[in-house]
Amino acid sequence: FNRKLFAKGLENLKNAYASQGFINYTPIPVPTFDEQKKTVSWEIEVDEGKQFYVRRIEFQGNTTTRDKVIRREVVLEEGQLYNEQYWKLGIQRLNQLGFFDQIKPDDPDTTERRLDERNGQVDLTLKLKEKGKNQIGLTGGVSGLSGSFIGLSYSTNNFLGLGETLSVQANLGSLQRSIMFGFTEPYLFDRPLTAGFSV
């Protein structure tokens with residue numbers, strides 16, 4: 001008998017039930033020991049609780065990033081049966097954007113869940129803290145190709161809070177000048193189609 005593996009099995013059961021909306025699922029393991037054979041049998045009594053649907057998904061702390069940019073990354077939708085795996089996947093996708101400090105699904109400081117037991121509904125709140133999204137650079141020097149030059153660059157990965165990427169770079173020298181402008185839209189026509197250009 002391995003206590004760690006048994007606990008892992010109970011955790012897997014909890015996740016399986018949580019993916020079907022049973023947020024308050026509780027397993028009660030009852031052991032039966034056979035001293036002569038040195039074995040143990042387990043009967044797991046299951047208290048499923050009520051099945052929950054998502055009523056509201058709200059966001060706090062997104063002063064720049066617009067709600068629709070966040071909602072398109074959250075796989076779980078309002079009105080759907082609550083699914084713990086979809087909720088965690090949405091948080092993982094938000095973390096990959098790089099717009100916010102790390103969001104942890106089990107941290108009450110970043111994720112909040114309010115249950116309406118009578119109606120079988122759950123309200124979800126994500127407490128976000130936005131990161132700095134702009135980068136500005138300044139360079140200068142002397143080069144055999146460009147002569148004396150000065151360079152300025154600016155980039156943002158969340159232009160106007162719409163999740164778009166914008167970059168501008170200018171190098172002005174006594175012998176050579178170059179200007180580069182780039183723009184990328186990650187959700188063209190509100191579909192997961194990335195389009196961009198660089199000039």
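The values are calculated or read from the model by the stated rules, or taken from the named source; none is laboratory data. If you're wondering where the values come from, they're calculated on a predicted model, not measured in any experiment. Cβ sites come from the backbone with ideal geometry, for glycine too, and all protein chains shown count toward neighbours. Calculation scope for accessible area: heavy atoms of the full protein, side chains included, ligands and nucleic acids excluded. Shrake-Rupley method; radii C 1.70, N 1.55, O 1.52, S 1.80 Å.
Where does helix 3-18 land angle-wise versus the long Cα axis of the chain, in degrees 0 to 90, nearest 10? Taking the Cα atoms of the chain, the angle to 3-18 is about 70 degrees. Projecting the Cα atoms of Ile91, Asn119, Ser19 onto the dipole axis of region 1-151, where Lys and Arg carry +1 and Asp and Glu carry -1 at the beta carbon, places Ile91 farthest toward the positive end. Sorted on the mean count of surrounding Cβ atoms within 10 Å across their residues, most packed first, peptides 127-140, 56-69 read 56-69, 127-140. With r defined as the distance between the Cβ atoms of Gln36 and Ala7 and R0 fixed at 22 Å, what FRET efficiency is calculated, to the nearest 0.05? For R0 = 22 Å, the calculated efficiency reads 0.25.
When the charge dipole of the chain is built from unit charges on Cβ atoms (+1 for Lys and Arg, -1 for Asp and Glu) and taken about the Cα centre, the candidate among Ala170, Tyr187, Thr39 whose Cα reaches farthest toward its positive end is Ala170. What region 62-199 shows is 62 Å² of accessible area per residue, with the surface traced by a 1.4 Å probe over protein heavy atoms.
Nearest 500 deg cm²/dmol is fine: what mean residue ellipticity at 222 nm does the chain get from its DSSP H runs of n ≥ 4 alone, each adding -39,500 (n - 2.57), divided by its residue count? The partial results should precede the final answer.
Working: 3 runs with 35 residues, N = 199.
Counting only the DSSP helices, I get -5500 deg cm²/dmol.
Using a simple charge model, +1 on the beta-carbon of Lys and Arg, -1 on the beta-carbon of Asp and Glu, nothing else, what dipole does the chain show about its Cα centre, in debye to the nearest 20? Walk me through the intermediate numbers first.
Working: 25 positive and 25 negative charges, 122 e Å.
Charge dipole, the chain, about its Cα centre: 580 debye, nearest 20.
Compactness check for region 113-199: Cα Rg over 2.2 N^0.38 Å is 1.80.
Using the Kirkwood radius over C-alpha pairs as Rh, can you work out the diffusion coefficient of the chain via Stokes-Einstein at 20 °C, viscosity 1.002 mPa s, in µm² per second? In µm²/s, the coefficient is 101.
Distance between the modelled labels on Phe197 and Asp106, one decimal in nanometres: 4.9 nm (7 Å Cα→Cβ projection). Could you tell me the distance between the Cα centroids of region 26-43 and region 134-195, to the nearest Å? Region 26-43 and region 134-195 have Cα centres separated by 66 Å.
Please give the charge dipole size of region 3-45, origin at the Cα centre, charges +1 on K and R Cβ atoms and -1 on D and E Cβ atoms. Round to the nearest 20 debye. Before the final figure, lay out each step's value.
Details: 6 positive and 5 negative charges, 51 e Å.
For this selection, approximately 240 debye.
The fraction of accessible area contributed by carbon and sulfur in the chain is 52 percent, rounded to a whole number (1.4 Å probe; ligands and nucleic acids excluded). Under the shape rule built on the C-alpha gyration tensor, where the axes satisfy a ≥ b ≥ c, region 53-124 is prolate, since a/c reaches at least 1.5 and a/b is greater than b/c.
Taking the Cα atoms only, what angle lies between the long axis of helix 84-97 and the longest principal axis of the chain, rounded to 10 degrees? Between the helix axis and the principal axis of the chain, the angle is about 20 degrees. Reported to the nearest whole Å, the Cα centre-to-centre distance from region 85-132 to region 60-78 is 10.
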